[in-house]
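Undergrad: The structure follows.
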2 protein chains.
Amino acid sequence: MSTLSLEIGKWVQIQVTQKDPTPKKRANLRDVAKAAGVSVATVSRVLNEPGLVKKDTLDRVQKAITELRFVPSAAARAINSGRTRFVGALVPTLDNAIFARFLAALERKLSENDLSLVVATTESDLEVEAKKAKGLVDIGAEGLIVTGAAHTAEFHDLLDRTMIPTIITSYFDDASALPTIGYDNKAAAQLALRHLIELGHRQIAVVHGPVHNNDRTFARLSGLREIDWEGQLTTVETEISLRGGTEAAARILSYPTKPDAILCLSDVVALGVLFGLQSKGISVPKELSLMGLDDLPSSACSVPSLTTVHLPVSRMGERAAVALERWISIQEKPKAERLEVRLIERGSTIPKVGHSR
Amino acid sequence: MSTLSLEIGKWVQIQVTQKDPTPKKRANLRDVAKAAGVSVATVSRVLNEPGLVKKDTLDRVQKAITELRFVPSAAARAINSGRTRFVGALVPTLDNAIFARFLAALERKLSENDLSLVVATTESDLEVEAKKAKGLVDIGAEGLIVTGAAHTAEFHDLLDRTMIPTIITSYFDDASALPTIGYDNKAAAQLALRHLIELGHRQIAVVHGPVHNNDRTFARLSGLREIDWEGQLTTVETEISLRGGTEAAARILSYPTKPDAILCLSDVVALGVLFGLQSKGISVPKELSLMGLDDLPSSACSVPSLTTVHLPVSRMGERAAVALERWISIQEKPKAERLEVRLIERGSTIPKVGHSR
DNA sequence: AAGGTTGATGAAACTAGTTTCATATGTCAA
DNA sequence: TTGACATATGAAACTAGTTTCATCAACCTT
């Protein structure tokens, strides 16, 4: 107890000593120049090209910098260079690991190029997206990364006016005016469905997230509808989350006939469905096959492990970072990039009983 | 195919027409003033206090703004106001949902206060953290949010020099010089262990992430060691990920005697352990009890659902956002905030056979 | 010793805004 | 009709850096 009061006492003291020197405002270049007895140009050189400054002068200036606790103003730098060294990314949510993984890769690669990442979440609301995009531009973002191709008119207007380099991700489209770096959502969904069809499944329930304003989900669903086969699809819309998945599972189990297989258009939902089925005592894949689409790390670990379609989101993050960096620094507008998706066969899908593959 | 070429043709055309107007550089205040036949001061007023400008002049200036596609420079604004309107957050990783959730809440709340969030990941490396913190200051962050209380000397030196408002999260400590907003890691771990002890478990394996440079893990572990009881703890260090959990499970099962319970110091790891046990045919909680610590959304959905200690990371994000905003805007240095943790009893823990609670 | 080159430095212009202060109208009351 | 006040606007100073151009000294060459 005595130690505790001592600690608190110490802390208060720190508070006080910190308050004392605070009033004198931050030193600027002129202050340093004056203190060192040189011109502002020389201080600027010390900061940017120390090689041009005589050793003696350099020392004097650096001493002044240290003493005055000088920290150059980012804004003043930016006003001259026209560079703020950060870009913005707009993603629907951070709660889905797929976006978190994408952002992790994006940030890592941007950071290699000395760019920082401002993250903004849109909650899949295009109005919010437009507002936040405006905010990012207002604070000086040099480029934008957005999710999907559908955006509001104000958003496009903003890009038009500012000509800010902007890359669309999670979506591939050759013909888009804005460069896209992503995968073919339609093909990814078809790859998944074809796998289930090949295994002999004919009654397939498709669990997907909200279609409203979500071009990725829409593309995936329309991909499924385009496939010509002798089976039947039932679609179930739910929230993209584990809970959404367990709810969808419950709904599917309430149908008069149990499907042969369930195809979830995201892995989180598939995991949720798996849990939902397990809690009702339904065995996957014995009683029905289950597939996801995303390929999260958890999908490889679940029991059974989840068959899915791998979306290369980490690579997408890296490619987007590189492309945006080049666009910003050397005005090279990127070409659209299609990243290949691939089927990952794991334990949650097996041939339908009686079906020889 | 003909449609495709048409589309490509169209895209090329867009490219060309975009290149044409590009050369003329971005218009600035002076350009707008000249075009509207007013002074720069008037244009500035139109931007910031339109009420002071005569309707007629206002219209003329706004027309010029539109025609010249004028977008004010964020840097020039910042140089005058001294405000960049963004803060930086340093987290170990985005790959663990616990940080993603924290950041999501943080971003949401900051955004309500017109602050943007720059995210930087440190990979739990304090050197990287210091370097990225420097980067955040360099680009003009007005405040910082960091994870944990352990940092390098350079990091502290940076804070000292710049006096940048900085809040420590995921960690509570009254006596820290920097304000902390977080939970008591020691108490959280103890809460978990006491629950297992109460259920009668006496051989407990503790699975935790790397201790090196991680004060949260360290605090949790030392909390466990401080408890005086008549049982035995075995600790297993692993990577904080699902895979890390499955590996730890395998390791634990290779021991000569199976523990009564496994306590994982993060939920991701607990989920991994659960999968690892399931794949070896071990039934949780029948054969052994399993506990996590974090409380992720997935923990409520797994089968069995995971008993855990809830860490209020979303609230932590909100509180940190509010506190940092106040510190920045009205120089009110926040007080340390302890957020309560609580035990969430779910399906993965049951009393040891023969133990009456 | 004169001329050329290099190195180190400073004055001033420049980036793109905001803000202060002064001035020119216009309105109203005395 | 004149002074008082409000409104609208502009000139210039100001924010905090970078950059250009000029200057001067020192060294090297012939």
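The values are calculated or read from the model by the stated rules, or taken from the named source; none is laboratory data. This one's a predicted model, so the numbers in the text were calculated from it and none came from an experiment. FYI the Cβ positions are ideal-geometry reconstructions off the backbone, even for glycines, and counts take in every protein chain you see. Only protein heavy atoms, including side chains, enter the accessible area calculation; ligands, DNA and RNA are left aside. Shrake-Rupley method; radii C 1.70, N 1.55, O 1.52, S 1.80 Å.
Undergrad: Of all residues in region A:77-93 being open to solvent by less than 30 Å² (accessible area, probe 1.4 Å) and aliphatic (A, V, I, L, M), which is modelled with the lowest pLDDT?
TA: In this case the residue turns out to be A:ALA78.
Undergrad: Out of the residues in region B:1-51 that are more than 9 Å from DNA strand C (Cβ to nearest atom) and at pLDDT 50 or above, which is nearest to the other protein chains (Cβ to nearest Cβ)?
TA: B:LYS24
Undergrad: Only one of these conditions is not met by A:LEU288: (1) in contact (Cβ under 8 Å) with a residue 40 or more places away in the chain; (2) more than 14 Å from chain B (Cβ to nearest Cβ). Which number is it?
TA: (1)
Undergrad: Kindly provide the set of residues from region A:51-72 that are part of a helix (DSSP H, G or I) and within 12 Å of DNA strand D (Cβ to nearest atom), ordered by number. Outline the logic, then answer.
TA: At the first step, the residues of region A:51-72 found to be part of a helix (DSSP H, G or I) are A:51-52, A:55-67.
Matches in region A:51-72: A:LEU52, A:VAL61, A:ILE65.
Undergrad: Would region B:184-196 turn up any residue that is open to solvent by 40 Å² or more (accessible area, probe 1.4 Å) and in a strand (DSSP E or B)?
TA: Checked against the condition, which is being open to solvent by 40 Å² or more (accessible area, probe 1.4 Å) and in a strand (DSSP E or B), region B:184-196 yields no hits at all.
Undergrad: State whether one or more residues within region A:218-227 are within 20 Å of A:ASP184 (Cα to Cα), more than 28 Å from the chain's Cα centre (by Cα) and either in a loop (DSSP other than H, G, I, E, B) or touching a residue at least 40 places away in the same chain (Cβ under 8 Å) (or both).
TA: yes
Undergrad: Given the residues A:LEU193, A:LEU115, which is the only one that is within 22 Å of B:THR84 (Cβ to Cβ) and in contact with a strand residue (DSSP E or B) (Cβ under 7 Å, 6 or more places away or on another chain)?
TA: A:LEU115
Undergrad: I've got another one for you. So, A:ILE139, is that one farther than 23 Å from A:ALA97 by Cα and touching a Phe, Trp or Tyr at 6+ places or on another chain (Cβ under 9 Å) or not?
TA: yes
Undergrad: I need the full set of residues from region B:116-136 which are open to solvent by less than 20 Å² (accessible area, probe 1.4 Å) and within 9 Å of chain A (Cβ to nearest Cβ), in order please.
TA: Within region B:116-136, B:LEU117, B:VAL118, B:VAL119, B:ALA120, B:THR121, B:LEU136 qualify.
Undergrad: Mind checking which strands (runs of 3 or more DSSP E) fall wholly inside region B:265-357 and carry at least 2 residues that are open to solvent by less than 40 Å² (accessible area, probe 1.4 Å) and not small (Gly, Ala, Ser)?
TA: Hits in region B:265-357: B:289-291, B:308-310.
Undergrad: Would you check which residues across region A:35-49 are of a type outside the set (A, V, I, L, M), within 12 Å of DNA strand D (Cβ to nearest atom) and open to solvent by 40 Å² or more (accessible area, probe 1.4 Å) and list them?
TA: Hits for region A:35-49 are A:SER39, A:SER44, A:ARG45, A:ASN48, A:GLU49.
Undergrad: What number of residues within region A:89-102 are in contact with a helix residue (DSSP H, G or I) (Cβ under 7 Å, 6 or more places away or on another chain) and closer than 16 Å to B:LEU106 by Cβ?
TA: Residues that pass the stated criteria total 6.
Undergrad: If you don't mind, another one. Answer yes if at least one residue in region A:231-245 is farther than 28 Å from A:THR122 by Cα, part of a helix (DSSP H, G or I) and open to solvent by 10 Å² or more (accessible area, probe 1.4 Å), and no otherwise.
TA: Taking every residue of region A:231-245 in turn, none turns out to be farther than 28 Å from A:THR122 by Cα, part of a helix (DSSP H, G or I) and open to solvent by 10 Å² or more (accessible area, probe 1.4 Å).
Undergrad: Name every residue in region A:94-103 that is open to solvent by 20 Å² or more (accessible area, probe 1.4 Å) and either facing chain B (nearest Cβ under 7 Å) or more than 21 Å from A:ALA133 (Cα to Cα) (or both), in order of residue number.
TA: A:ASP95, A:ALA97, A:ARG101
Undergrad: Can you find even one residue in region B:151-164 that is within 30 Å of A:THR122 (Cα to Cα) and at pLDDT 95 or above?
TA: Taking every residue of region B:151-164 in turn, at least one turns out to be within 30 Å of A:THR122 (Cα to Cα) and at pLDDT 95 or above.
Undergrad: Here are some conditions: (1) over 28 Å from the mean Cα position of the chain (by Cα); (2) within 18 Å of A:ARG216 (Cα to Cα). A:GLU239 meets all but one. Which one does it not meet?
TA: (1)
Undergrad: Same structure again: List pairs: first in region A:28-57 and within 14 Å of A:PHE70 (Cα to Cα), second near DNA strand C (Cβ under 6 Å from one of its atoms) and open to solvent by 40 Å² or more (accessible area, probe 1.4 Å), Cβ under 7 Å, 6+ apart or cross-chain?
TA: Between residues of region A:28-57 that are within 14 Å of A:PHE70 (Cα to Cα) and residues that are near DNA strand C (Cβ under 6 Å from one of its atoms) and open to solvent by 40 Å² or more (accessible area, probe 1.4 Å), the close pairs are A:LEU29/A:VAL40; A:ARG30/A:VAL40; A:ALA33/A:SER39; A:ALA33/A:VAL40.
Undergrad: Tell me, yes or no, whether region A:164-180 has at least one residue that is buried (at least 22 other Cβ atoms within 10 Å of the Cβ), outside the structural domain of A:ALA219 (by TED's automatic domain parsing) and over 28 Å from A:SER222 (Cα atoms).
TA: yes
Undergrad: Taking A:LYS63, is it open to solvent by 100 Å² or more (accessible area, probe 1.4 Å), out of contact with any Asp or Glu (no Cβ under 6 Å at 6 or more places or on another chain), within 24 Å of B:LYS134 (Cβ to Cβ) and at pLDDT 95 or above?
TA: Answer is yes for this residue.
Undergrad: A further question follows. Picking from B:ARG85, B:ARG69, B:ARG77, which residue would you name as being within 15 Å of DNA strand C (Cβ to nearest atom) and within 21 Å of the chain's Cα centre (by Cα)?
TA: One residue alone meets the criteria, B:ARG85.
Undergrad: Considering only region B:74-90, how many residues are facing chain A (nearest Cβ under 7 Å) and outside any strand (DSSP E or B)? Show your work before the answer.
TA: Of the residues in region B:74-90, the ones facing chain A (nearest Cβ under 7 Å) are B:74-76, B:78-79, B:84-86.
Now narrow it down to the ones that are outside any strand (DSSP E or B): B:74-76, B:78-79, B:84-85.
Here the count works out to 7.
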